[in-house]
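Please read the structure below before turning to the comments.
The values are calculated or read from the model by the stated rules, or taken from the named source; none is laboratory data. Small disclaimer: the values here were computed from a predicted structure and weren't measured. We place every Cβ from the backbone using ideal geometry, glycine too, and count neighbours over all the protein chains shown. We work out accessible area using only protein heavy atoms, side chains counted, and drop any ligands, DNA or RNA first. Shrake-Rupley method; radii C 1.70, N 1.55, O 1.52, S 1.80 Å.
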Amino acid sequence: MKKCIVQFWIQADHYSEPDYNELLKKSKEFDADEFANRSARSFETYANKYNHDFVRVTEKKLNYKHPTFERFDIWLDDSWWEKYDEIMYVDSDVFAMPDAPDIFAEYRGPNTLKVCEHQGFQKAETKEQIDYLYHGILEECLLDQVKQCGFQAGVFIITKEARDLMKPYIAKYKDLNDHDGNILLWATIKSGVPLTRMTELFNYKNAHFIGRPPVHFFHAAGHKKLTNYNRINSFLDRHGIK
C-alpha cells in the first residue's frame, strides 16, 4: 500500500474558538496563507520525488474548537486506512528540504508511532521545565512516562497498527477538555503504543540560525515565524523552497 503525507489548512475563524492557537496570525510582513502554501508546495514536491501521496485537507470535518484538532481525523476515519498503511502528519509551518531523504524508507516497520527526538521532554529537570510539560490530563500519567514518551507533534508517522491501538483514546478528545498536544501524548501513553524515535533532523527548529546542521525538515515553529520572518524567508530562498 502507498504512503501518504497529510497537512491540514483551514481558517481558524470557521471554528468556535478561533483564538485557541494564535501561532499563524497575519502581520504586516507575514502572510500566514502564503507561508502555509509554501510549506505545502515543499511537501508536494517531496512526495512526488519518492512516489508517495500528498493530501492537503482544506475543509473542516470534526469541527471542534479549532483546526488543530482536525488531525485527529487520521485516527477516527477508517477510510484513510483503506488506502494507506502509513501516514505522515506535518504541520503547515514545516518545510521539506530539497535533498531530504525518504523518511518512510529511513524508518521501516509496521507497528510503531514514529516521532522525532525532542529533548525538551527527556531532559526536563527544573520545576519550571516540568510545570511546562506536566499538566492537565497528563497528570493522569506518571511524570517519568511523560518525560520518556514526550515528543513535539509537528511531524510524526502513524502506522495502521499504531492507529488501531490509539484510536479508542483519541476518540475521547471532546470529553478530555485539554490541549490537542496533551491529548495526543496522553493517548500515546495510555494506549501503550510502541514508539520509534526518528532523528530530530526531520523536525528541526531554528535551522535558520548560524552553525546549525543541514536538516531534512525545517520547522519554523511558534511566534518565531513573526519575529524572525525575514531570516526564515532568506533561509527558505537559499534552499530553493519557493
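Structural remarks
- Pair list, Cβ under 9 Å, 6 or more apart: the range 61-85 residue part of a strand (DSSP E or B), other residue at pLDDT below 95: TYR84/MET1; TYR84/LYS2; ASP85/MET1; ASP85/LYS2; ASP85/PRO110
- In a residue-by-residue description of the range 152-160, the property of being of a type outside the set (S, T, N, Q), under 27 Å from TRP81 (Cα atoms), open to solvent by 40 Å² or more (accessible area, probe 1.4 Å) and at pLDDT 95 or above applies to at least one position.
- ARG41 open to solvent by 70 Å² or more (accessible area, probe 1.4 Å) and either small (Gly, Ala, Ser) or in a helix (DSSP H, G or I) (or both): yes
- Residues that are hydrophobic (A, V, I, L, M, F, W, C) and more than 22 Å from TYR107 (Cα to Cα), drawn from the range 162-186: ILE170, ALA171, LEU176, ILE183, TRP186
- Those residues of the range 164-212 which are more than 18 Å from the chain's Cα centre (by Cα), closer than 30 Å to SER234 by Cα and surrounded by fewer than 17 Cβ atoms within 10 Å (Cβ to Cβ), in sequence order: PHE209, ILE210, GLY211, ARG212
- Any hit, the range 103-117, residues being in contact with a helix residue (DSSP H, G or I) (Cβ under 7 Å, 6 or more places away or on another chain), part of a helix (DSSP H, G or I), over 20 Å from TYR204 (Cα atoms) and touching a residue at least 40 places away in the same chain (Cβ under 8 Å): no
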